[in-house]
Structures are given as structure tokens and as C-alpha cells.
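See below for the structure under consideration.
Please treat every number below as a calculation from the coordinates, not as lab data. Nothing here was measured: the structure is a model prediction, and the numbers come from that model. As a convention, Cβ positions derive from the backbone with ideal geometry for all residues, glycine included, and neighbour counts pool all protein chains shown.
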Amino acid sequence: MKSPSSLQKRLGLGLTLGMTLLWLGATVGAWLVVQHELNEAFDSALEETAQRILPLAVLEISNREEPREAQHVATLKMDNEYLMYVVRDAKGQILMQSHDANPKIFNPQPSEGFSTTKKYRLYGASALRQTLFIDIAEPLGHRREAAREALFALLLPLLALIPISLLGTWLFVRISLRSVLAYRRAVEARGVGDLSPINVTRLPAEIDPLADAVNHLLERLRKALEAERSFTANSAHELRTPLAATLAQIQRLRHEAPEGPLQVRAAKIENSLRELARLSEKLMQLAKAEGGGLLSETPQDLIPLLAHVVDEWNHSSGQRIELQLPKQPSVYSTIDPDAFGILLRNLIENALKYGAADQPVQVSLTHQAVLRVINGGPVVPEPVLQRLTERFVRGSREAGGSGLGLAIAKTIVQGVNASMVLASPATGRLEGFEVCIFLPLCSMSQN
Ligand SMILES: Nc1ncnc2c1ncn2[C@@H]1O[C@H](COP(=O)(O)OP(=O)(O)OP(=O)(O)O)[C@@H](O)[C@H]1O
Ligand SMILES: [Mg+2]
């Protein structure tokens with residue numbers, strides 16, 4: 001699946017690209033206007049200079065003893081650039097020229113007005129009824145450099161503007177999306193069983209209806225799940241009494257029945273009824289685990305709870321369970337004591353049922369609230385192990401069971417934001433089965 005692209009990245013790149021293109025468009029427009037205005041200013045300066053020099057040249061030439069003789073005059077220095085001029089008569093003979101004027105750059109025949117050659121901008125003016133002409137030339141390089149500098153001045157800010165725009169948009173979008181990110185975090189931080197409405201203030205108007213819709217959906221889902229759970233729990237509860245009564249009746253019938261097929265049949269019915277009673281008990285446990293309320297409001301010390309449950313099982317299993325407790329006198333956790341009891345009973349029941357009968361079951365709790373239940377027995381293959389926590393999934397068909405014990409344990413573990421790891425062979429062994437649960441530790445335990 002294509003990974004979703006970030007809105008922040010898209011807006012940052014899109015806005016920066018748009019701004020850059022607009023800026024470039026504006027730069028081209030501004031540059032054309034500046035070039036035009038520069039040309040006008042340079043032309044007018046050129047014209048003015050020619051008009052100033054011409055009367056002086058006329059005066060100079062008419063005062064000469066030998067007016068037809070060409071005379072070199074020092075160059076005009078303007079802003080580090082040189083203007084060159086020639087003063088000619090109508091036939092094109094040079095009467096006066098600036099110091100380094102090259103006659104080849106001028107038009108062969110004197111003319112009036114502006115003209116442009118490859119390298120020069122020329123201006124011609126006449127005096128004394130078109131008998132004397134001045135041609136003044138300015139290198140085009142000067143104008144080009146001015147236009148180039150203007151272009152650079154317009155483009156240069158763009159270099160700074162691109163990173164500033166990227167950063168600015170990124171920051172602005174990040175700040176604007178703060179509430180959306182908070183919403184995302186609120187959704188991510190939820191436990192599996194938490195279907196309460198998600199409340200985040202000041203969401204953008206575009207996202208707010210979406211959040212409302214999600215909350216409505218959650219509400220409907222919660223109601224549907226609650227209805228399903230209460231139905232399961234109620235049915236299991238309602239079944240309990242009639243099942244117990246029928247079981248008692250069947251036991252009596254078995255005892256009263258004469259030896260023979262009737263007694264065998266009665267024994268079979270009794271077994272089935274016991275299985276049914278166990279199933280309804282497991283269903284009730286599952287409904288409780290899924291119903292929430294798995295966290296206790298006050299921290300619970302796990303050590304007495306654990307010791308009590310292990311003691312109970314040891315009575316009925318002939319002391320097969322070895323309990324290992326941490327050195328600390330107490331380990332506090334936020335798990336509800338009833339939920340902890342259900343979890344523990346299911347794990348110990350499994351360990352006793354499926355573990356090698358000649359090996360003890362090891363139950364241990366660390367000061368970090370890590371609970372381990374380890375038993376001996378054959379290794380469970382990895383693919384089977386992966387699926388054991390699913391509902392109604394069973395590994396071995398030998399011992400009776402409904403396949404709900406580990407599903408109940410997993411639901412409780414998820415409901416308290418803990419984690420559970422199944423391992424076979426058990427850690428550090430070549431065989432056996434291990435269930436390891438990292439329970440939520442309460443800070444009080446460290447005191
Ligand atoms: N401690 C264990 N050692 C070996 N196998 C185990 C152990 N615990 C569970 N299993 C395997 O995982 C399967 C699923 O266990 P789970 O507790 O979910 O169901 P169950 O024990 O079959 O039935 P239920 O617990 O509902 O009576 C079991 O059938 C068994 O094969
Ligand atoms: Mg079980």
C-alpha cells in the first residue's frame with residue numbers, strides 16, 4: 001500500500017514552488033520595466049551630453065586657424081565608463097574627436113538620432129544647418145551590466161526566500177495542525193478496549209465533523225459490544241443454576257441406576273454437563289474480561305493475591321506448583337484483583353493440565369511485576385503457538401477444554417495495557433511451555 005504523504009510536506013513544497021514561480025514571473029516583469037527605464041535614462045544622458053558638447057565643439061572649430069584639421073580631445077569619464085565622440089562635417093570628415101574614439105565604431109555617414117550597433121549605442125546631432133555633426137557612442141556593455149545587476153538584485157532574495165518559505169510553511173502548518181496531531185495521539189494512546197469518546201478541543205472546522213462522526217461511531221460500537229457482552233454474561237449466568245440442578249439430578253440418577261448401560265450413559269451425560277458448565281464459566285470470564293473495568297482504582301499488591309491463588313491450586317493438585325516471589329515485601333500493580341485472579345487461574349489450570357505430570361509448575365513474580373508460569377512437557381510448534389491465544393483454538397485434543405483460557409488471558413492483558421509472551425520451549429530449557437506477562441507496575445512498588 002502506498003504510504004500516506006504528509007500534508008505538511010505537500011503544503012510546504014506546493015506553497016514554496018508556487019511562491020517561487022510567482023516571484024520569477026514578477027521578476028521577469030519588473031526586469032523588463034527596469035531595462036526599459038534604464039535604456040531611457042541612458043539615452044537621455046547620451047543625448048544631453050551630445051547637446052552639451054556640440055556648441056562647445058562648434059565654438060572651438062570656428063575659432064581654429066585651420067578648422068579642417070582633426071583634433072583629439074581628452075575622454076569624458078562618466079561612472080567609470082567612457083563616452084566617445086566624433087565631430088564631423090557633412091561629408092563625414094572628422095574635425096574633432098575624443099581621445100580614444102575609434103572612427104570605425106561610428107556610422108560612415110553622420111546622421112541624427114539614436115542607432116544601435118553590435119557593441120555601441122550611438123546618438124547623432126547636428127549644428128550650423130547640418131554642416132557639423134556630432135556622433136557620440138556609449139558601450140552597450142555598461143547598460144547590460146546595469147540590467148544584469150538589476151536582475152541579480154531581484155533574484156537574490158529568492159535564494160533566502162525559498163528556505164524561509166519552506167521553514168515558515170512547515171512551522172505554520174505544524175502549529176495549525178497541533179490539535180489534529182493531539183487528536184491523532186489521543187487515538188493512538190487508547191487501549192484496545194477503550195471506546196469512550198475522544199475529546200480534543202479546537203479542532204479545525206474541516207476535521208471537527210470527522211471527529212464527531214468518529215465519536216458517534218465509537219458510541220454505537222460500544223453499545224453494540226455492551227449488548228453482546230451482557231447477553232453472553234447473562235446467558236452464562238442464567239445457565240449456571242439449571243446446569244447445576246441438572247448435574248445434581250444426573251449424579252443421583254447415576255448412583256441410583258443399576259450397574260450396566262444406563263449407568264454408563266448417565267456418566268456420559270454427567271461429563272457433558274460438566275463440560276457445558278465449564279464452558280459457560282469460561283464464557284462469563286471472557287465477557288468480564290471484555291467488559292472493561294480491568295484496572296483497579298487503587299494499586300493492588302500482587303504478592304498476597306498470587307500466594308492465595310497458588311495455595312488454592314496446590315490443595316487440589318497435590319502441591320505441584322512451586323512459587324517464587326521477589327525479595328521485596330510487595331509488588332503493586334494497577335490490575336483489578338478479580339481480573340488478576342481469572343488470569344492466573346487460567347494460566348495455572350493450563351500448566352497443570354498440559355504440563356508433564358512428573359514435573360512441577362513454576363510460578364514466579366519479579367519486583368518488576370513480571371509474572372511467569374512455566375511447565376514441562378513437549379515443545380509446542382511455533383505455528384501452533386502463534387494461534388493459541390485466539391478464541392476456541394486448541395493445541396492438543398487429549399485433555400478437554402474449550403480453547404478460551406488463553407484468549408481470556410490475552411483480553412485481560414490487553415485491557416490493562418500489559419503484554420504477554422508465549423514461549424515453547426521455555427526460556428533456558430529444551431522443552432516445556434512458558435507464559436510471561438509484563439504487568440503494569442505501580443510506582444508504589446519501588447518505595
Ligand atoms: N501451559 C501449557 N502447556 C502446553 N500447552 C498449552 C499450555 N497452555 C495452553 N496450551 C495449549 O494451548 C491451547 C489453548 O489453551 P486455552 O487455555 O486457550 O484453551 P484450553 O485450555 O484448551 O481450554 P479452556 O482453557 O477454555 O478450558 C491448549 O489446548 C493447549 O494445547
Ligand atoms: Mg485452558
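Along the chain, counting only trypsin sites (Lys or Arg not before Pro) with a DSSP assignment other than H, G, I, E or B and at most 11 other Cβ atoms inside a 10 Å radius, the longest segment between sites is 203-326.
The phi torsions of segment 433-442, fed into the Karplus equation with coefficients 6.51, -1.76 and 1.60 and a -60° offset, translate into couplings of 9, 9, 10, 10, 10, 9, 7, x, 7, 9 Hz, rounded to whole numbers, with Gly and Pro shown as x. The string of couplings for segment 245-250 from the Karplus curve (6.51, -1.76, 1.60, θ = phi - 60°) is 5, 5, 4, 4, 4, 5 Hz, one whole number per residue in order, with x for Gly and Pro.
Positive contributions from Lys and Arg (+1) and negative ones from Asp and Glu (-1), summed over other residues with Cβ under 15 Å from the Cβ of GLU40, come out at -3. In order along segment 405-418, the phi-based Karplus estimate (6.51 cos²θ - 1.76 cosθ + 1.60, θ = phi - 60°) of 3J(HN,Hα) comes to x, 6, 5, 5, 4, 5, 4, 5, 4, 5, x, 9, 6, 9 Hz; Gly and Pro are listed as x. Only the Cβ atoms of Lys and Arg (+1) and of Asp and Glu (-1) were treated as charged; on that basis the dipole of the chain about its Cα centre amounts to roughly 1260 debye. Placing a label point 7 Å from the Cα of THR117 along the Cα-to-Cβ line, the residues of segment 36-55 whose backbone N sits under 18 Å from it are 46-47, 50. One chain, two ends: GLU48 and ARG148. Fully extended at 0.36 nm per residue, the span grows by 33.5 nm beyond their Cα-Cα distance.
For segment 237-320, GluC sites (Glu not before Pro) are listed when DSSP marks them as loop and at most 13 other Cβ atoms sit within 10 Å of their Cβ; the list is GLU259. Name the residues of segment 376-416 whose amide N is less than 18 Å from a point 7 angstrom out from the Cα of GLU431 along the C-beta direction? Counting only backbone N, you get 376-382, 396-399.
Okay, helix-only estimate at 222 nm for the chain: each DSSP H run of n ≥ 4 adds -39500 (n - 2.57), divide by all residues, round to 500 deg cm²/dmol; what do you get?
Numbers: 9 runs with 234 residues, N = 447.
-18500 deg cm²/dmol, from helical runs alone.
Using a Förster distance of 60 Å, how high is the FRET efficiency between PHE172 and GLN109, based on the Cβ-Cβ distance and rounded to 0.05? Taking R0 as 60 Å, the efficiency between PHE172 and GLN109 is 0.35.
Pulled fully out, how much extra length does the chain show between LEU21 and GLU382, if you take 0.36 nm times their separation in residues and subtract their Cα-Cα distance? Working shown, then result.
Values: separation 361, 0.36 × 361 = 129.96 nm, distance 5.91 nm.
That pair, LEU21 and GLU382, stretches by 124.0 nm at full extension.
Any idea what angle helix 337-354 forms with the longest principal axis of the chain, computed on alpha-carbon atoms, 0 to 90 degrees, nearest 10? Here the helix axis deviates by roughly 70 degrees. Taking each residue as 0.36 nm, the span from GLU238 to SER3 lengthens on full extension beyond its C-alpha to C-alpha distance by 79.6 nm.
If you filter segment 349-430 for GluC sites (Glu not before Pro), then keep DSSP loop positions with at most 15 other Cβ within 10 Å, what is left? Listed in order of number, the matching sites are GLU390, GLU398. Relative to the longest principal axis of the Cα atoms of the chain, helix 7-62 runs at roughly 10 degrees. Counting only residues at least eight positions apart within a chain, or on another chain, the lysines with an alpha carbon under 30 Å from that of LYS118 are LYS77, LYS91, LYS104. When you restrict to C-alpha pairs under 8 Å that are six or more residues apart and normalise by the size of segment 92-151, the relative contact order lands at 24 percent.
Once you keep just the Cα pairs under 8 angstrom separated by 6 or more residues, what percentage relative contact order results for segment 149-247?
Numbers: 30 pairs, mean separation 20.6, N = 99.
Once normalised by length, the contact order is 21 percent.
Under 5 Å from the amide H of GLY377 lie the amide H atoms of ALA356, GLY432, each residue being 5 or more positions distant or on a separate chain, with H modelled from the backbone and absent for Pro and chain starts.
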